[in-house]
(Lines give C-alpha, C1' and ligand atoms only; values in the text may rest on other atoms or scores of the structure.)
Protein backbone atom coordinates (compact mmCIF):
# COMPACT_ATOMS: atom_id res chain seq x y z
CA UNK A 1 0.00 0.00 0.00
CA UNK A 2 2.80 2.38 0.95
CA UNK A 3 4.70 1.57 -2.27
CA UNK A 4 1.59 2.18 -4.35
CA UNK A 5 0.97 5.60 -2.77
CA UNK A 6 4.62 6.51 -3.29
CA UNK A 7 4.39 5.57 -6.99
CA UNK A 8 1.23 7.67 -7.38
CA UNK A 9 2.99 10.58 -5.72
CA UNK A 10 5.82 10.46 -8.25
CA UNK A 11 3.37 10.11 -11.15
CA UNK A 12 1.50 13.20 -10.00
CA UNK A 13 4.74 15.08 -9.53
CA UNK A 14 6.02 14.17 -13.01
CA UNK A 15 2.60 15.01 -14.52
CA UNK A 16 2.70 18.40 -12.80
CA UNK A 17 6.19 19.10 -14.14
CA UNK A 18 5.14 18.08 -17.65
CA UNK A 19 2.00 20.26 -17.56
CA UNK A 20 4.01 23.20 -16.17
CA UNK A 21 6.58 22.82 -18.94
CA UNK A 22 3.82 22.65 -21.56
CA UNK A 23 2.16 25.80 -20.21
CA UNK A 24 5.47 27.67 -20.24
CA UNK A 25 6.06 26.65 -23.87
CA UNK A 26 2.55 27.70 -24.92
CA UNK A 27 2.57 31.09 -23.20
CA UNK A 28 6.12 31.73 -24.47
CA UNK A 29 5.07 31.46 -28.11
CA UNK A 30 3.33 34.81 -28.46
CA UNK A 31 5.92 37.00 -26.70
CA UNK A 32 8.57 35.18 -28.72
CA UNK A 33 6.82 36.28 -31.91
CA UNK A 34 6.38 39.83 -30.65
CA UNK A 35 9.93 40.29 -29.40
CA UNK A 36 11.39 38.87 -32.60
CA UNK A 37 9.19 41.09 -34.74
CA UNK A 38 10.56 44.11 -32.86
CA UNK A 39 14.08 42.85 -33.45
CA UNK A 40 13.68 42.20 -37.19
CA UNK A 41 13.44 38.39 -36.98
CA UNK A 42 17.20 37.79 -36.95
CA UNK A 43 17.37 34.82 -34.62
CA UNK A 44 14.27 32.86 -35.77
CA UNK A 45 15.70 33.07 -39.28
CA UNK A 46 19.09 31.87 -38.05
CA UNK A 47 17.64 28.81 -36.31
CA UNK A 48 14.68 27.94 -38.53
CA UNK A 49 15.67 28.89 -42.07
CA UNK A 50 19.44 29.12 -42.42
CA UNK A 51 21.04 25.85 -43.61
CA UNK A 52 23.95 24.70 -41.49
CA UNK A 53 27.37 25.86 -42.72
CA UNK A 54 25.88 27.93 -45.55
CA UNK A 55 27.30 31.38 -44.77
CA UNK A 56 30.70 32.91 -45.57
CA UNK A 57 30.47 36.12 -43.53
CA UNK A 58 28.49 36.76 -40.33
CA UNK A 59 27.99 40.30 -39.04
CA UNK A 60 27.39 40.56 -35.31
CA UNK A 61 26.74 43.45 -32.94
CA UNK A 62 23.75 45.66 -32.27
CA UNK A 63 21.96 48.33 -34.29
CA UNK A 64 25.33 49.84 -35.26
CA UNK A 65 26.03 46.70 -37.23
CA UNK A 66 22.67 46.27 -38.93
CA UNK A 67 22.60 49.90 -40.12
CA UNK A 68 26.20 49.91 -41.43
CA UNK A 69 26.76 46.72 -43.42
CA UNK A 70 24.62 45.95 -46.48
CA UNK A 71 25.10 42.22 -47.23
CA UNK A 72 23.80 42.56 -50.81
CA UNK A 73 26.59 44.99 -51.70
CA UNK A 74 29.34 43.03 -49.99
CA UNK A 75 28.19 39.72 -51.50
CA UNK A 76 27.95 41.14 -55.01
CA UNK A 77 31.48 42.54 -54.81
CA UNK A 78 33.06 39.46 -53.18
CA UNK A 79 30.74 36.71 -54.54
CA UNK A 80 30.03 35.55 -50.99
CA UNK A 81 27.02 34.82 -48.77
CA UNK A 82 26.70 37.02 -45.70
CA UNK A 83 24.09 37.78 -43.05
CA UNK A 84 23.39 39.84 -39.93
CA UNK A 85 22.66 38.14 -36.61
CA UNK A 86 22.30 40.63 -33.79
CA UNK A 87 19.95 42.12 -31.23
CA UNK A 88 19.08 45.81 -30.97
CA UNK A 89 20.73 47.41 -27.98
CA UNK A 90 22.78 44.36 -27.10
CA UNK A 91 25.92 44.65 -25.00
CA UNK A 92 28.99 42.43 -25.09
CA UNK A 93 27.43 40.47 -22.22
CA UNK A 94 24.89 39.12 -24.71
CA UNK A 95 27.18 38.99 -27.73
CA UNK A 96 29.29 36.20 -26.22
CA UNK A 97 26.32 33.79 -26.15
CA UNK A 98 25.29 34.68 -29.68
CA UNK A 99 28.88 34.22 -30.88
CA UNK A 100 28.99 30.70 -29.45
CA UNK A 101 25.73 29.84 -31.24
CA UNK A 102 27.03 31.18 -34.55
CA UNK A 103 30.12 28.98 -34.32
CA UNK A 104 28.01 25.98 -33.33
CA UNK A 105 25.65 26.25 -36.33
CA UNK A 106 27.81 27.87 -39.02
CA UNK A 107 31.35 27.53 -40.32
CA UNK A 108 31.91 31.00 -41.83
CA UNK A 109 35.14 32.24 -43.31
CA UNK A 110 34.98 35.20 -40.97
CA UNK A 111 32.85 36.62 -38.16
CA UNK A 112 32.80 40.42 -37.92
CA UNK A 113 31.83 41.75 -34.49
CA UNK A 114 31.03 45.45 -34.57
CA UNK A 115 32.64 47.05 -31.51
CA UNK A 116 29.68 49.05 -30.15
CA UNK A 117 28.59 46.27 -27.71
CA UNK A 118 32.00 46.55 -25.99
CA UNK A 119 31.30 50.15 -25.03
CA UNK A 120 27.52 50.50 -24.97
CA UNK A 121 24.39 48.40 -25.17
CA UNK A 122 21.98 47.59 -22.37
CA UNK A 123 23.29 46.16 -19.11
CA UNK A 124 21.37 43.37 -17.41
CA UNK A 125 19.68 45.94 -15.16
CA UNK A 126 18.17 47.75 -18.17
CA UNK A 127 17.12 44.98 -20.55
CA UNK A 128 14.28 45.58 -22.98
CA UNK A 129 11.73 43.22 -24.48
CA UNK A 130 13.78 42.55 -27.60
CA UNK A 131 16.84 41.40 -25.60
CA UNK A 132 14.83 38.27 -24.83
CA UNK A 133 14.37 37.44 -28.52
CA UNK A 134 17.65 35.54 -28.93
CA UNK A 135 16.91 33.32 -25.93
CA UNK A 136 13.29 32.72 -26.99
CA UNK A 137 14.47 31.70 -30.46
CA UNK A 138 16.95 29.08 -29.28
CA UNK A 139 15.76 25.48 -29.61
CA UNK A 140 14.94 23.84 -26.29
CA UNK A 141 18.27 22.57 -25.01
CA UNK A 142 20.59 22.50 -22.03
CA UNK A 143 22.56 25.38 -23.61
CA UNK A 144 19.45 27.55 -23.59
CA UNK A 145 19.01 26.83 -19.89
CA UNK A 146 22.67 27.54 -19.09
CA UNK A 147 22.79 30.72 -21.18
CA UNK A 148 19.64 32.19 -19.65
CA UNK A 149 20.72 31.45 -16.08
CA UNK A 150 24.15 32.94 -16.76
CA UNK A 151 22.80 36.05 -18.49
CA UNK A 152 19.55 37.08 -16.77
CA UNK A 153 19.19 38.46 -13.28
CA UNK A 154 16.73 36.71 -10.97
CA UNK A 155 13.92 39.11 -11.83
CA UNK A 156 14.59 38.77 -15.57
CA UNK A 157 14.57 34.98 -15.26
CA UNK A 158 10.99 35.30 -14.06
CA UNK A 159 10.17 37.29 -17.19
CA UNK A 160 11.92 34.65 -19.28
CA UNK A 161 10.05 31.68 -17.78
CA UNK A 162 6.73 33.51 -17.32
CA UNK A 163 6.80 35.87 -20.29
CA UNK A 164 3.32 37.28 -19.67
CA UNK A 165 4.73 39.11 -16.68
CA UNK A 166 6.26 42.57 -16.82
CA UNK A 167 7.23 43.85 -20.27
CA UNK A 168 5.41 41.23 -22.30
CA UNK A 169 1.88 42.11 -21.35
CA UNK A 170 -0.30 44.56 -19.49
CA UNK A 171 -2.01 42.87 -16.56
CA UNK A 172 -4.16 45.98 -16.05
CA UNK A 173 -5.74 45.24 -19.42
CA UNK A 174 -5.93 41.44 -19.66
CA UNK A 175 -8.18 41.57 -22.73
CA UNK A 176 -5.06 42.41 -24.76
CA UNK A 177 -3.50 39.10 -23.73
CA UNK A 178 -6.65 37.17 -24.56
CA UNK A 179 -7.23 38.82 -27.95
CA UNK A 180 -3.55 38.44 -28.83
CA UNK A 181 -3.62 34.76 -27.89
CA UNK A 182 -6.74 34.09 -29.98
CA UNK A 183 -5.24 35.94 -32.95
CA UNK A 184 -2.01 33.91 -32.79
CA UNK A 185 -3.82 30.58 -32.39
CA UNK A 186 -6.06 31.50 -35.33
CA UNK A 187 -2.93 32.14 -37.40
CA UNK A 188 -1.48 28.77 -36.35
CA UNK A 189 -4.74 27.02 -37.29
CA UNK A 190 -4.93 28.71 -40.70
CA UNK A 191 -1.31 27.88 -41.50
CA UNK A 192 -1.44 24.32 -40.20
CA UNK A 193 0.20 21.91 -42.63
CA UNK A 194 1.62 24.63 -44.88
CA UNK A 195 5.31 25.42 -45.09
CA UNK A 196 6.12 28.54 -43.08
CA UNK A 197 9.18 30.68 -43.78
CA UNK A 198 10.64 33.30 -41.48
CA UNK A 199 11.45 36.44 -43.42
CA UNK A 200 14.68 38.34 -42.98
CA UNK A 201 14.46 41.43 -45.21
CA UNK A 202 17.72 42.54 -46.79
CA UNK A 203 19.61 39.81 -44.86
CA UNK A 204 19.15 41.87 -41.69
CA UNK A 205 20.21 45.30 -42.98
CA UNK A 206 18.09 48.23 -41.77
CA UNK A 207 17.97 51.66 -43.41
CA UNK A 208 17.69 54.72 -41.17
CA UNK A 209 15.88 56.78 -43.77
CA UNK A 210 16.18 60.37 -42.54
CA UNK A 211 19.54 62.18 -42.63
CA UNK A 212 20.65 64.54 -39.90
CA UNK A 213 19.83 68.19 -40.46
CA UNK A 214 22.48 70.84 -39.67
CA UNK A 215 20.33 72.39 -36.92
CA UNK A 216 20.15 69.07 -35.10
CA UNK A 217 23.91 68.74 -34.67
CA UNK A 218 25.67 69.90 -31.52
CA UNK A 219 29.29 68.84 -31.57
CA UNK A 220 30.89 68.03 -28.24
CA UNK A 221 34.21 69.50 -27.18
CA UNK A 222 37.06 67.30 -25.97
CA UNK A 223 36.41 68.48 -22.41
CA UNK A 224 32.78 67.34 -22.60
CA UNK A 225 33.78 63.92 -23.91
CA UNK A 226 36.38 63.52 -21.15
CA UNK A 227 37.89 60.20 -20.22
CA UNK A 228 36.27 56.84 -20.98
CA UNK A 229 32.65 57.30 -19.78
CA UNK A 230 31.88 53.56 -19.41
CA UNK A 231 31.66 52.77 -15.69
CA UNK A 232 31.84 48.98 -16.11
CA UNK A 233 34.41 49.05 -18.90
CA UNK A 234 36.76 46.66 -17.08
CA UNK A 235 34.02 44.01 -16.90
CA UNK A 236 33.15 44.56 -20.56
CA UNK A 237 36.78 44.04 -21.54
CA UNK A 238 36.82 40.82 -19.50
CA UNK A 239 33.88 39.45 -21.50
CA UNK A 240 35.57 40.58 -24.72
CA UNK A 241 38.61 38.57 -23.68
CA UNK A 242 36.37 35.54 -23.13
CA UNK A 243 35.21 35.88 -26.74
CA UNK A 244 38.80 36.10 -27.92
CA UNK A 245 39.65 32.95 -25.98
CA UNK A 246 36.70 31.09 -27.52
CA UNK A 247 37.95 32.20 -30.95
CA UNK A 248 41.31 30.52 -30.31
CA UNK A 249 39.56 27.13 -30.36
CA UNK A 250 38.01 27.61 -33.83
CA UNK A 251 39.37 27.93 -37.35
CA UNK A 252 37.09 30.80 -38.38
CA UNK A 253 38.65 34.25 -38.64
CA UNK A 254 37.42 36.93 -36.25
CA UNK A 255 37.59 40.65 -36.93
CA UNK A 256 36.44 43.45 -34.63
CA UNK A 257 35.30 46.38 -36.74
CA UNK A 258 34.30 49.83 -35.55
CA UNK A 259 31.39 51.36 -37.42
CA UNK A 260 31.47 55.15 -37.75
CA UNK A 261 29.41 57.41 -35.51
CA UNK A 262 28.72 61.07 -36.12
CA UNK A 263 29.82 61.74 -32.55
CA UNK A 264 31.87 59.00 -30.87
CA UNK A 265 31.46 59.19 -27.09
CA UNK A 266 33.73 56.18 -26.62
CA UNK A 267 36.86 57.34 -28.43
CA UNK A 268 38.82 57.54 -25.18
CA UNK A 269 38.02 53.89 -24.41
CA UNK A 270 39.37 52.50 -27.66
CA UNK A 271 43.09 52.08 -26.89
CA UNK A 272 42.58 49.50 -24.16
CA UNK A 273 40.10 47.55 -26.30
CA UNK A 274 42.41 47.60 -29.32
CA UNK A 275 45.41 46.49 -27.24
CA UNK A 276 43.42 43.56 -25.83
CA UNK A 277 42.08 42.46 -29.23
CA UNK A 278 45.42 42.69 -31.01
CA UNK A 279 47.19 40.84 -28.17
CA UNK A 280 45.25 37.76 -29.34
CA UNK A 281 46.38 38.33 -32.97
CA UNK A 282 42.85 39.39 -33.93
CA UNK A 283 42.35 42.37 -36.22
CA UNK A 284 40.68 45.58 -35.10
CA UNK A 285 39.56 47.77 -38.02
CA UNK A 286 38.03 51.24 -38.07
CA UNK A 287 35.81 52.35 -40.96
CA UNK A 288 35.95 55.92 -42.28
CA UNK A 289 39.23 56.45 -40.46
CA UNK A 290 40.44 60.05 -40.88
CA UNK A 291 37.37 60.90 -42.98
CA UNK A 292 34.94 63.72 -42.26
CA UNK A 293 31.44 62.92 -41.05
CA UNK A 294 28.69 64.16 -43.32
CA UNK A 295 25.20 64.49 -41.75
CA UNK A 296 23.94 62.92 -44.99
CA UNK A 297 25.43 59.62 -43.83
CA UNK A 298 23.72 59.53 -40.42
CA UNK A 299 20.13 59.17 -39.26
CA UNK A 300 21.16 60.18 -35.74
CA UNK A 301 24.47 60.52 -33.89
CA UNK A 302 25.05 56.76 -33.95
CA UNK A 303 23.24 55.07 -36.85
CA UNK A 304 23.98 55.37 -40.56
CA UNK A 305 21.59 56.10 -43.37
CA UNK A 306 21.82 54.18 -46.63
CA UNK A 307 23.93 57.02 -48.07
CA UNK A 308 26.63 56.23 -45.51
CA UNK A 309 26.06 52.47 -45.38
CA UNK A 310 26.81 52.08 -49.10
CA UNK A 311 30.20 53.72 -48.63
CA UNK A 312 30.87 51.73 -45.44
CA UNK A 313 29.87 48.46 -47.13
CA UNK A 314 32.16 49.02 -50.11
CA UNK A 315 35.03 49.84 -47.74
CA UNK A 316 34.25 46.68 -45.75
CA UNK A 317 34.24 44.58 -48.92
CA UNK A 318 37.67 45.96 -49.86
CA UNK A 319 38.95 45.27 -46.34
CA UNK A 320 37.68 41.67 -46.39
CA UNK A 321 39.09 41.08 -49.85
CA UNK A 322 42.52 42.02 -48.51
CA UNK A 323 42.19 40.07 -45.24
CA UNK A 324 40.76 36.88 -46.77
CA UNK A 325 42.55 37.02 -50.12
CA UNK A 326 39.30 37.24 -52.12
CA UNK A 327 39.19 38.63 -55.65
CA UNK A 328 36.76 41.53 -55.96
CA UNK A 329 34.49 42.22 -58.91
CA UNK A 330 35.77 45.50 -60.43
CA UNK A 331 32.48 45.94 -62.26
CA UNK A 332 30.41 45.75 -59.07
CA UNK A 333 32.89 47.90 -57.18
CA UNK A 334 32.54 50.71 -59.73
CA UNK A 335 28.78 50.22 -59.89
CA UNK A 336 28.24 50.85 -56.18
CA UNK A 337 30.73 53.70 -56.18
CA UNK A 338 28.42 55.47 -58.61
CA UNK A 339 26.08 55.88 -55.59
CA UNK A 340 28.67 57.69 -53.45
CA UNK A 341 27.46 61.10 -52.20
CA UNK A 342 29.84 63.04 -49.99
CA UNK A 343 27.46 65.64 -48.55
CA UNK A 344 24.41 67.82 -49.16
CA UNK A 345 23.36 71.47 -49.08
CA UNK A 346 19.94 72.41 -47.73
CA UNK A 347 18.65 75.99 -47.86
CA UNK A 348 15.27 76.84 -46.35
CA UNK A 349 13.81 80.36 -46.57
CA UNK A 350 10.19 81.04 -45.66
CA UNK A 351 8.11 78.79 -47.93
CA UNK A 352 10.99 77.71 -50.15
CA UNK A 353 13.50 74.87 -49.81
CA UNK A 354 16.47 73.86 -51.96
CA UNK A 355 18.36 70.56 -51.57
CA UNK A 356 21.52 69.66 -53.45
CA UNK A 357 23.08 66.20 -53.10
CA UNK A 358 26.83 66.40 -53.73
CA UNK A 359 28.18 63.35 -55.60
CA UNK A 360 31.69 62.09 -55.11
CA UNK A 361 32.01 61.80 -58.88
CA UNK A 362 30.00 64.23 -61.03
CA UNK A 363 30.18 61.91 -64.03
CA UNK A 364 28.15 59.28 -62.17
CA UNK A 365 25.11 61.58 -62.30
CA UNK A 366 24.77 60.78 -65.99
CA UNK A 367 23.78 57.21 -65.09
CA UNK A 368 21.52 57.82 -62.09
CA UNK A 369 17.76 58.25 -62.05
CA UNK A 370 16.40 60.50 -59.28
CA UNK A 371 12.85 60.35 -57.96
CA UNK A 372 11.93 63.12 -55.52
CA UNK A 373 8.65 63.05 -53.59
CA UNK A 374 7.40 65.53 -50.99
CA UNK A 375 4.87 64.54 -48.32
CA UNK A 376 2.80 66.86 -46.14
CA UNK A 377 1.42 65.21 -43.00
CA UNK A 378 1.81 61.83 -44.68
CA UNK A 379 0.14 62.80 -47.98
CA UNK A 380 2.10 63.13 -51.24
CA UNK A 381 1.95 66.71 -52.57
CA UNK A 382 4.74 66.76 -55.18
CA UNK A 383 6.63 64.24 -57.27
CA UNK A 384 9.30 64.51 -59.95
CA UNK A 385 11.52 61.93 -61.63
CA UNK A 386 14.44 62.75 -63.90
CA UNK A 387 17.86 61.35 -64.80
CA UNK A 388 20.73 63.26 -63.22
CA UNK A 389 18.46 65.51 -61.12
CA UNK A 390 20.43 65.65 -57.86
CA UNK A 391 18.85 69.00 -56.92
CA UNK A 392 15.34 69.79 -55.68
CA UNK A 393 13.75 73.23 -55.51
CA UNK A 394 10.31 73.31 -53.96
CA UNK A 395 7.78 75.85 -52.67
CA UNK A 396 5.74 74.60 -49.73
CA UNK A 397 1.99 74.70 -50.43
CA UNK A 398 1.21 75.26 -46.71
CA UNK A 399 3.18 77.50 -44.31
CA UNK A 400 2.97 74.94 -41.48
CA UNK A 401 3.00 71.16 -41.29
CA UNK A 402 5.20 68.09 -41.10
CA UNK A 403 7.04 67.80 -44.44
CA UNK A 404 9.02 64.76 -45.46
CA UNK A 405 11.20 64.89 -48.58
CA UNK A 406 11.89 61.40 -49.88
CA UNK A 407 14.60 60.67 -52.43
CA UNK A 408 15.05 57.43 -54.35
CA UNK A 409 18.14 57.02 -56.53
CA UNK A 410 18.46 54.22 -59.03
CA UNK A 411 21.26 53.12 -61.32
CA UNK A 412 19.19 51.13 -63.85
CA UNK A 413 22.22 49.09 -64.90
CA UNK A 414 21.41 46.65 -62.08
CA UNK A 415 18.39 48.25 -60.43
CA UNK A 416 19.86 48.95 -57.00
CA UNK A 417 17.84 51.59 -55.11
CA UNK A 418 19.27 54.09 -52.63
CA UNK A 419 16.59 55.59 -50.38
CA UNK A 420 16.88 58.54 -48.03
CA UNK A 421 15.02 61.56 -46.81
CA UNK A 422 14.76 64.78 -44.85
CA UNK A 423 12.12 65.62 -42.24
CA UNK A 424 11.17 69.32 -42.05
CA UNK A 425 8.69 70.51 -39.43
CA UNK A 426 7.33 73.98 -40.28
CA UNK A 427 5.69 75.76 -37.38
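The values are calculated or read from the model by the stated rules, or taken from the named source; none is laboratory data. Quick caveat: nothing in here was measured; it's all calculated off a predicted structure. No Cβ is skipped: glycine too gets one built from the backbone with ideal geometry, and neighbour counts run over all protein chains shown.
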Considering only residues that are closer than 30 Å to residue 426 by Cα and surrounded by 15 or more Cβ atoms within 10 Å (Cβ to Cβ), which ones fall in the range 359-380?
359, 369, 370, 371, 372, 373, 374, 375, 376
Residue match in the range 73-84 (condition: over 15 Å from residue 255 (Cβ atoms), modelled with pLDDT under 95 and assigned to a helix (DSSP H, G or I))
no
Selection from the range 359-378 of residues that are farther than 20 Å from residue 416 by Cβ and in contact with a helix residue (DSSP H, G or I) (Cβ under 9 Å, 6 or more places away or on another chain)
none
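Looking at residue 335, is it assigned to a helix (DSSP H, G or I) and in contact with a strand residue (DSSP E or B) (Cβ under 7 Å, 6 or more places away or on another chain)? Lay out the reasoning, then the answer.
On the way: assigned to a helix (DSSP H, G or I): yes; in contact with a strand residue (DSSP E or B) (Cβ under 7 Å, 6 or more places away or on another chain): yes.
The answer is yes for residue 335.
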Residues of the range 44-64 satisfying the condition of being assigned to a loop (DSSP other than H, G, I, E, B) and over 15 Å from the mean Cα position of the chain (by Cα)
49, 50, 51, 52, 53, 54, 55, 56
Candidate set: the range 392-416, residues that are in contact with a strand residue (DSSP E or B) (Cβ under 7 Å, 6 or more places away or on another chain) and exposed (fewer than 14 other Cβ atoms within 10 Å of the Cβ); chosen: the one nearest to residue 76 (Cα to Cα):
412
Criterion (outside the structural domain of residue 72 (by TED's automatic domain parsing) and either farther than 21 Å from residue 362 by Cβ or in contact with a helix residue (DSSP H, G or I) (Cβ under 6 Å, 6 or more places away or on another chain) (or both)) met by exactly one of 391, 387, 383
383
Only one of (1) out of contact with any strand residue (DSSP E or B) (no Cβ under 6 Å at 6 or more places or on another chain); (2) loosely packed, with under 13 Cβ neighbours inside 10 Å; (3) free of Cβ contacts under 8 Å to residues at least 60 places away in the same chain is not met by residue 387, so which one is it?
(1)
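Considering only the range 103-126, state which residues are in a helix (DSSP H, G or I), buried (at least 20 other Cβ atoms within 10 Å of the Cβ) and touching a strand residue (DSSP E or B) at 6+ places or on another chain (Cβ under 9 Å).
Of the residues in the range 103-126, the ones in a helix (DSSP H, G or I) are 103-105, 116-119, 124-126.
Filter once more, keeping what is buried (at least 20 other Cβ atoms within 10 Å of the Cβ): 116-119.
Selection gives 116, 117, 118.
Taking residue 167 as the residue in question, decide whether it is at pLDDT below 85, touching a helix residue (DSSP H, G or I) at 6+ places or on another chain (Cβ under 9 Å), surrounded by 10 or more Cβ atoms within 10 Å (Cβ to Cβ) and in a helix (DSSP H, G or I). Show your work before the answer.
Details: at pLDDT below 85: yes; touching a helix residue (DSSP H, G or I) at 6+ places or on another chain (Cβ under 9 Å): yes; surrounded by 10 or more Cβ atoms within 10 Å (Cβ to Cβ): yes; in a helix (DSSP H, G or I): yes.
The answer is yes for residue 167.
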